[in-house]
Amino acid sequence: MISTWLVSLFTYLEPLLCAVAIVFLLRSKPWRNYIYLIAFLAVRLSSVLVYLGLKSLVQLRVVEAGSAYRVYFYSYWSSYAIEAILSILIIYSIFKLAMAPLKGLQKLGMLIFRWVAAISIAVTLGIAIAPNHTGKEFIVALVTQMQQTSSILTLCLLLFVCFAIRPMGLSHRSRIFGVSLGLGILAAVSLVDAAWLAHNSNMQSTINVINGLTICVTLCIWATYFALPEPKRRMILLPTTSPFHRWNQISAALGDEPGFVAIGGIPPELFAPAEIELMKRASVMMGPKQTEAPPTSNLRSISA
């Protein structure tokens, strides 16, 4: 069947595209800003390589199918959970990069993001921990819920980047937008998969083809964005009536540390000798006996 052939093609094509995307990421100058994306691709690559290795061992009759499935089950769901966690970290880093020019909003948004992520994780654990979920069922329920949570957060980030791309000085050729777009595509397909599996116990060949195609398209998008030079970020020019400007001022004011005042005298050793000499001369000039303006010679000596 054509669908089976396409699934096999995408399965062998995915590790190649993962490796290409990692190479282009590491070759780019700001690769440290996308360290979580590199880790995400590395986990994805290792998961596919484990699957292909086990498949080859079963075909060569080196390993039994039952033993290979048990190994693949835990490796697949472990990597799936790690990918969900890394997806949240990627979203966090992308939001930080997108809001870099507006430090006040960046700090406030990161604080809100942490609270939302913590609440989402708590809800995920609460849904996964159920009386009828034991053993493998608990692992599947927990990881699936984690993936859905990260998918929702990813789509929210993509929506924010699309609306704030102009005010933040970015363009559609920016790597921030490219990474967000790829994550958004994966998140949308992941939610469609979850809805499909809720009504169908078995994955159909059409869904497998769509998943494979989506992953390969996303990897091509990331490889292209990091292979091409990124346009320089524009300077942000916001009018005084802009809500971004006002909220950034408010956020910066709320996040500022309080000022400090000195209580008591200041020890003389904190001042340089020249500063102490100037203060001595100034105190002499402003003493109680100095009722008239000081002579010009004194002013010249002080300025000297």
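The values are calculated or read from the model by the stated rules, or taken from the named source; none is laboratory data. Small disclaimer: the values here were computed from a predicted structure and weren't measured. Don't worry about glycine lacking a Cβ; one is built from the backbone with ideal geometry, like all the others, and counts go over all protein chains shown.
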Quiz item: Which residues, counting only those in the range 9-46, are under 22 Å from the mean Cα position of the chain (by Cα) and of a type in the set (S, T, N, Q)?
Solution: Ser28, Asn33, Ser46
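Yes/no per residue for (1) surrounded by 14 or more Cβ atoms within 10 Å (Cβ to Cβ); (2) at pLDDT 90 or above; (3) at negative phi; (4) in contact with an Asp or Glu (Cβ under 8 Å, 6 or more places away or on another chain):
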| residue | (1), (2), (3), (4) |
| --- | --- |
| Tyr34 | yes, yes, yes, no |
| Val43 | yes, yes, yes, yes |
| Ser46 | yes, yes, yes, no |
| Tyr74 | no, no, yes, no |
| Glu83 | yes, no, yes, no |
Quiz item: For the subset of the range 12-48 comprising residues that are in contact with a Leu (Cβ under 6 Å, 6 or more places away or on another chain) and of a type in the set (Gly, Ala, Ser), which member is nearest to Val179 (Cα to Cα)?
Solution: Ala21
Exercise. Give me a count of the residues in the range 10-32 that are surrounded by 13 or more Cβ atoms within 10 Å (Cβ to Cβ) and not in a helix (DSSP H, G or I).
Key: 1
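Report yes if some residue within the range 210-223 is modelled with pLDDT of 80 or more, under 26 Å from Ser87 (Cα atoms), more than 25 Å from the chain's Cα centre (by Cα) and outside any loop (DSSP other than H, G, I, E, B); otherwise report no.
Of the residues in the range 210-223, the ones modelled with pLDDT of 80 or more are 210-223.
From the residues that got through so far, the ones that are under 26 Å from Ser87 (Cα atoms) too are 210-223.
Still in the running and more than 25 Å from the chain's Cα centre (by Cα): 210.
Now restrict to residues that are outside any loop (DSSP other than H, G, I, E, B): 210.
Yes - at least one qualifying residue is present in the range 210-223.
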Quiz item: Does Lys103 count as at pLDDT below 85, closer than 26 Å to Met146 by Cβ and within 17 Å of the chain's Cα centre (by Cα)?
Solution: no
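Among Val63, Val7, Val43, which is closer than 26 Å to Val140 by Cβ and outside any helix (DSSP H, G or I)? Can you show your working first?
Working: Val7 fails: outside any helix (DSSP H, G or I); Val43 fails: outside any helix (DSSP H, G or I).
It is Val63.
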